[in-house]
1. Taking the conditions exactly as written (surrounded by fewer than 18 Cβ atoms within 10 Å (Cβ to Cβ) and either within 16 Å of ligand 1 (Cβ to nearest atom) or modelled with pLDDT under 95 (or both)), does Leu95 satisfy them or not?
2. What tally of residues in segment 86-141 results from selecting those that are assigned to a helix (DSSP H, G or I) and charged (D, E, K, R)?
3. If you go through segment 59-76 one residue at a time, how many are within 16 Å of ligand 1 (Cβ to nearest atom), outside any loop (DSSP other than H, G, I, E, B) and farther than 23 Å from His148 by Cβ?
4. If Gly88 passes every condition in (1) touching a residue at least 60 places away in the same chain (Cβ under 8 Å); (2) under 18 Å from Gln41 (Cα atoms); (3) in contact with a Cys (Cβ under 8 Å, 6 or more places away or on another chain) but one, which one does it miss?
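The values are calculated or read from the model by the stated rules, or taken from the named source; none is laboratory data. Keep in mind that this is a model prediction, so the values were computed, not measured. Here the Cβ is made from the backbone with ideal geometry for all residues, glycine too, and neighbour counts use every protein chain on show.
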Amino acid sequence: MFKTKRENTQDTKRSKSGKTTIANFLSDSTENVGGEYRPTQGVRIVEFETQNSNINNGGFKTDVELWDCSGDLKFESFWPAIYKDANGIVFVCDLSVPDASSKLDYYFESFVNQNSLLSSKNCLLIENVKNNEIRVSSLSNVFSKMQHISINGEENIQKLGEKFNKYISTLLSGVRDRSEQDELNILTIS
Ligand SMILES: Nc1nc2c(ncn2[C@@H]2O[C@H](COP(=O)(O)OP(=O)(O)OP(=O)(O)O)[C@@H](O)[C@H]2O)c(=O)[nH]1
Ligand SMILES: [Mg+2]
């Protein structure tokens, strides 16, 4: 979170970790950090094409549908519709917020542990170090072992696109392996 001291009670219920800012950057590569805060109402679907950096994929472009969720628990009833059929989950955190780690654990339990197709291997953690604020929350075991990108909005958000593409490549390989396995299963059954 941003300026903790100035936040009101309503704001502390929200995550404000930078999910929408990052989703906008990934979808159209415009850097607009520090703009006016507009809390996401439930979920917003962003579609874009990414260049695949994995050499095995021959540089093919991949269509990505990114569901940018609100961090506000009042939208929790939306979550099952969000994680259903998801190929991966990207967590965005701001560890300058004291309860960031416990919130992450709760989101992991709610999104990843409820979907049998997901595990921490399909997940990515983006740590948004806004304004170089001090880390006061430490990651639990599951998050400290996860693929991790650390960004400072103003300094290196540009590097995020490249790293995100690598993450998409790993997801794509997993999806392909699963569909090949499904085809084999069908052949075995028939
Ligand atoms: N200075 C700075 N501001 C940022 C950064 N990332 C996000 N912000 C600002 O922080 C506020 C919240 O960012 P959002 O991207 O809307 O946060 P969110 O995680 O989508 O929030 P919810 O939709 O409420 O869950 C906005 O005013 C952003 O402009 C950053 O890296 N640096
Ligand atoms: Mg948002």
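1. The answer is no for Leu95.
2. Matching residues across segment 86-141 total 5.
3. So the count comes out to 4.
4. (2)
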